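Engineer: Next up is a structure, given as structure tokens.
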Amino acid sequence: MAILAFNTPADAETGDHAAERMLRTGSGKGRIEGRDLTMRFSSKKGDVIALENLDIDIKPGEFLALLGPSGCGKSTLLNLIAGILKPTSGTLAIDGNEIKGPNPGCGIVFQHHSLFPWMSVLENVAFGPRNLGHDDPVGTARTFLSLVGLEKQSKAWPSSLSGGMQQRVGIARALATYPPVLLMDEPFGALDAQTRSIMQEELLKIWSKFKITVVFVTHDIEEAIFLADRVVVMKTLPGGIKRDVTIDLPRSRDPAIIKSELFNTYRGQIFELIREETLKVFGSHD
């Protein structure tokens, strides 16, 4: 397994100013406000209400995890924030600007890397800055590849990289457009346990430097608690917020914290909340 080594912006040989710009961009931006959000999908069997009358507030620079049973609307909410979906009713805004379509102010990392297979690693990361007309997109790409420890793989094809490396390229690509918001949909779900653990630690290192807003979808209770400032536990369909749990654990977070009494208290509390919702799903099929 490849050793995961992420560098700080100061380690980059080129594009230091881009990293500094990223730090400035993230400061004070990335507030997400949703009011009375409802998302309804039509199907042959009738309408499916994925979200109903949901209100959500996420502070600038906050790390928020969305957790809940399969099909509870976590990814739907993420896609609404990204502007990929439009709500059936309600309003959603980032920094006071209503989201009306795909939003370049959101970087997105999916469970599967979604890199362009016909582009090199470097060109994948440069794609966003180039499309948005940024100065020196290649220099920016080199900066963020250095940040995630992959500057030596800049000429490689995505298919030649391990799963962990592919996701690191995905993170670099998402950050390279200087977004105030980073959306992550189970980004480490397909990785082996050890790589996943290291990726969680390295993500926190990046977040602690840039302080951009992160909305992180996961099914893993320990992952949510370890990463987040708040864990929003969602209800089964129609989706909504069952409980908003503030995670009062110290920053920065060492992996040993998962053995602490407070961590175990959060784990037990959230487990019971999710179990209640999961049993509702099973009960609906009786």
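Engineer: Would you mind finding the one in Val148, Val214, Val181 that is within 17 Å of the chain's Cα centre (by Cα), more than 24 Å from Ile81 (Cα to Cα) and surrounded by 21 or more Cβ atoms within 10 Å (Cβ to Cβ)?
Structural biologist: Numbers: Val214 fails: more than 24 Å from Ile81 (Cα to Cα); Val181 fails: more than 24 Å from Ile81 (Cα to Cα).
Testing whether each residue is within 17 Å of the chain's Cα centre (by Cα), more than 24 Å from Ile81 (Cα to Cα) and surrounded by 21 or more Cβ atoms within 10 Å (Cβ to Cβ) leaves just Val148.
Engineer: Please name all residue pairs, on different chains or six or more residues apart, with Cβ atoms under 8 Å, provided the first residue is in the stretch 105-125 and is in contact (Cβ under 8 Å) with a residue 60 or more places away in the chain and the second residue is among the hydroxyl-bearing types (Ser, Thr, Tyr) and outside any helix (DSSP H, G or I).
Structural biologist: Close Cβ pairs (under 8 Å, with a partner that is among the hydroxyl-bearing types (Ser, Thr, Tyr) and outside any helix (DSSP H, G or I)) amount to Gly107/Thr177.
Engineer: Turning to a different aspect of this structure: With the structure loaded, tell me whether Cys72 is over 16 Å from the mean Cα position of the chain (by Cα), surrounded by 21 or more Cβ atoms within 10 Å (Cβ to Cβ) and at pLDDT below 95 or whether it fails that test.
Structural biologist: yes
Engineer: Give me a count of the residues in the stretch 139-166 that are part of a loop (DSSP other than H, G, I, E, B) and closer than 13 Å to Ala126 by Cβ. I'd like the intermediate steps shown before the answer.
Structural biologist: Pass one, the stretch 139-166, residues part of a loop (DSSP other than H, G, I, E, B): 148-150, 154-157, 161-162.
Subsequent filtering for residues that are closer than 13 Å to Ala126 by Cβ retains 154-155.
Total meeting the criteria: 2.
Engineer: Which of (1) out of contact with any Gly (no Cβ under 7 Å at 6 or more places or on another chain); (2) crowded, with 21+ Cβ neighbours inside 10 Å; (3) more than 19 Å from Phe226 (Cα to Cα); (4) not small (Gly, Ala, Ser) does Phe188 not meet, given it meets every other one?
Structural biologist: All conditions pass for Phe188, except number (3).
Engineer: Turning to a different aspect of this structure: With the condition kept exactly as written, say whether any residue in the stretch 256-279 is under 17 Å from the mean Cα position of the chain (by Cα), surrounded by 14 or more Cβ atoms within 10 Å (Cβ to Cβ), touching a residue at least 40 places away in the same chain (Cβ under 8 Å) and farther than 12 Å from Ala65 by Cβ.
Structural biologist: no
Engineer: OK, next. Only one of (1) modelled with pLDDT of 90 or more; (2) closer than 23 Å to Phe110 by Cβ fails for Leu191. Which number is that?
Structural biologist: For Leu191, the failing item is (1).
Engineer: Here's something else I'd like to know. Taking the stretch 50-91, which residues are closer than 26 Å to Phe271 by Cβ, in a strand (DSSP E or B) and of a type in the set (Val, Ile, Thr)?
Structural biologist: Residues satisfying the conditions are Ile56, Ile58.
Conditions (1) loosely packed, with under 15 Cβ neighbours inside 10 Å; (2) more than 19 Å from Glu186 (Cα to Cα); (3) among the hydrophobic types (A, V, I, L, M, F, W, C), marked per residue:
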| site | (1), (2), (3) |
| --- | --- |
| Glu98 | yes, yes, no |
| Gly101 | yes, yes, no |
| Gly105 | no, yes, no |
| Phe110 | no, no, yes |
| Trp118 | yes, yes, yes |
| Val125 | no, yes, yes |
| His134 | no, yes, no |
| Thr143 | no, yes, no |
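Engineer: Can you tell me which residues in the stretch 148-191 are more than 21 Å from Leu78 (Cα to Cα) and among the basic types (Lys, Arg)?
Structural biologist: Of everything in the stretch 148-191, those that are more than 21 Å from Leu78 (Cα to Cα) and among the basic types (Lys, Arg) turn out to be Lys152, Lys155.
Engineer: For the stretch 127-138, give me the residue count where each residue is without any contact (Cβ under 8 Å) to a residue 40 or more places away in the chain, in a loop (DSSP other than H, G, I, E, B) and not charged (D, E, K, R). If you could, list the steps in order and put the result at the bottom.
Structural biologist: Just the residues of the stretch 127-138 that are without any contact (Cβ under 8 Å) to a residue 40 or more places away in the chain, to begin with: 130-131, 133, 135, 137-138.
Within this subset, residues satisfying the condition of being in a loop (DSSP other than H, G, I, E, B) are 133, 135.
Filter once more, keeping what is not charged (D, E, K, R): 133.
Residues flagged as without any contact (Cβ under 8 Å) to a residue 40 or more places away in the chain, in a loop (DSSP other than H, G, I, E, B) and not charged (D, E, K, R) within the stretch 127-138 amount to 1.
The values are calculated or read from the model by the stated rules, or taken from the named source; none is laboratory data. Everything quoted here is computed from the prediction, not taken from an experiment. A quick note on method: Cβ atoms are made from the backbone with ideal geometry, for glycine too, and the neighbour counts reach across all protein chains shown.
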